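Below is one structure, written out as C-alpha cells; the observations come after it.
Derivation of every value follows stated rules applied to the coordinates shown; laboratory data play no part. Fair warning: this is a prediction, and the values are worked out from it, not measured in the lab. Here the Cβ is made from the backbone with ideal geometry for all residues, glycine too, and neighbour counts use every protein chain on show.
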Amino acid sequence: MAVPLAKLADSRAYRKRFFVLFTLLTSVLGILLSFNLHMPALNLFLYLLMAVFHQQAMVFYNSLLGGFESKGTTSGVGVAFGYLGSALSLLLLAEFFKVPEVFYQTALIFLFLSLPAIFSLPNPPQKTTISLRKELEDRRFLLLVLAILSLTEVANTLIAMMGIYLKHAYGLEDREIYKVIGLSALGGVFGGLLFGKLTDKLKARRLFPLGFVLWSLFLIVLYLTPRELLLFVGFLGGLSLSHLWTTSRVLLLELFPLETVSLRMSFLSLSERIASTTGLWVWSLFMLLTGNDYKFSALLMVVFPVVGIFFYLFSRR
C-alpha cells in the first residue's frame with residue numbers, strides 16, 4: 001500500500017491527512033483486540049490490519065520531517081522519545097500489563113502520545129507529479145535503498161529475536177531479558193539525541209556510513225561478550241538502532257527533492273518490511289547450517305553490513 005499512497009500524497013500534498021487517518025485506524029484496531037480475544041482468527045486478522053496501518057502511519061510521519069529546518073535534531077529527538085517510552089515500559093510497566101487489557105491500554109497510550117503530532121505538526125505543502133517508472137530507473141536511489149536494507153536486515157532481526165536469543169544463548173529469565181532490552185532502549189535515547197545533533201552538524205551523508213561499523217562491531221561484541229557484560233551489549237545495540245533510524249530518513253531528504261519525500265519514505269518502509277522477513281529467513285538458514293548455534297549464527301549476520309558498505313559506495317559514484 002505504501003508506494004501508491006505515497007505517490008498520491010506527494011502529488012496532492014496529503015501527507016498529514018494520511019498520517020492522521022492511519023494513526024487513528026491503528027488506535028481503533030488496537031482497542032478492538034482486547035474485546036475479541038475469544039475469536040483468535042478474527043483477532044489475528046485485526047492484528048495484521050493494525051500492523052499494516054501502523055506502517056502506513058510511519059511512512060507519512062517520516063514524511064512530515066520535511067517540514068522542519070533542523071531535520072537531524074528533529075529526527076533524533078523523535079527516536080529518543082520513542083526509545084524512552086520503550087525503556088520505561090520495559091523496565092517499569094511490562095510486569096504489570098496483562099492480556100487482554102494490555103491491547104487497549106497500549107492503543108490508548110499510542111493515541112495519547114500521537115495527539116501533539118496530529119494537532120501541531122505542519123503539512124509539507126510541496127506537490128509534484130511522479131513517474132514511478134522513472135524513479136525505479138534511478139540507479140543511485142536503488143543502490144542507496146539496498147545499502148539501507150543491509151542494515152535493516154540486522155536491525156529488524158535483532159528486534160524480533162533478541163529475547164529468544166538471550167534466553168537460549170545465555171539462559172536469561174524474562175526479568176533479566178527486560179533489563180537488557182530496556183537498557184538497549186536507553187542506548188536508543190542517548191543515540192537519538194547524539195546522532196540527531198551530529199546529523200545537523202556533519203550531514204547525514206557523512207554520518208550514515210558509521211552504521212556499517214556500528215553494526216559490525218555490535219555483532220562481533222555480541223559473540224565475544226560473557227553473560228556479566230550483556231547490559232553493555234544491550235546499550236550498544238540501542239545505539240546502533242538509533243543511528244540507523246535517525247540518519248537514514250534524513251539521508252533521503254538530503255539527497256533527493258523534498259517534493260518526493262513520501263515516495264522516498266515509502267521505499268524506506270518497504271526496505272524495513274522486506275528486512276523483517278528475509279533477515280529471519282537468513283538467520284534461520286545460519287541456525288540450520290551451524291546446528292542451532294545461536295551465537296555463531298548471529299555473528300554470521302555480519303555479512304549484511306559488510307555487503308551494505310559496497311552498495312553505499314557505489315551509490316555515491
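Each part gets one Cα centre, and for segment 192-255 versus segment 291-317 those centres are 15 Å apart. In straight-distance terms, cross-link reach from LYS179 covers every one of the lysines whose alpha-carbon lies under 17 Å from its own, apart from those fewer than eight places away in the same chain; here that gives LYS167. Protection proxy ranking for 172-182, 128-138, using the average of other Cβ atoms within 10 Å per residue and placing the highest first: 172-182, 128-138. With contacts taken as Cα pairs under 8 Å and at least 6 residues apart, the chain reaches a relative contact order of 30 percent.
Under 18 Å of direct C-alpha separation, and excluding same-chain neighbours fewer than eight residues apart, LYS127 reaches these lysines: LYS7, LYS16. When the P(r) is computed for segment 155-296, the part past 27 Å accounts for 27% of the Cα-Cα pairs. The Cα center of segment 10-67 and the Cα center of segment 130-166 differ in position by 21 Å. Checking the cross-link filter: which lysines have an alpha carbon closer than 17 Å to that of LYS203, excluding same-chain neighbours under 8 positions apart? Partners within reach: LYS71. FRET efficiency for the LEU132 to ARG316 pair, using the beta carbon distance and R₀ = 22 Å, is estimated at 0.35.
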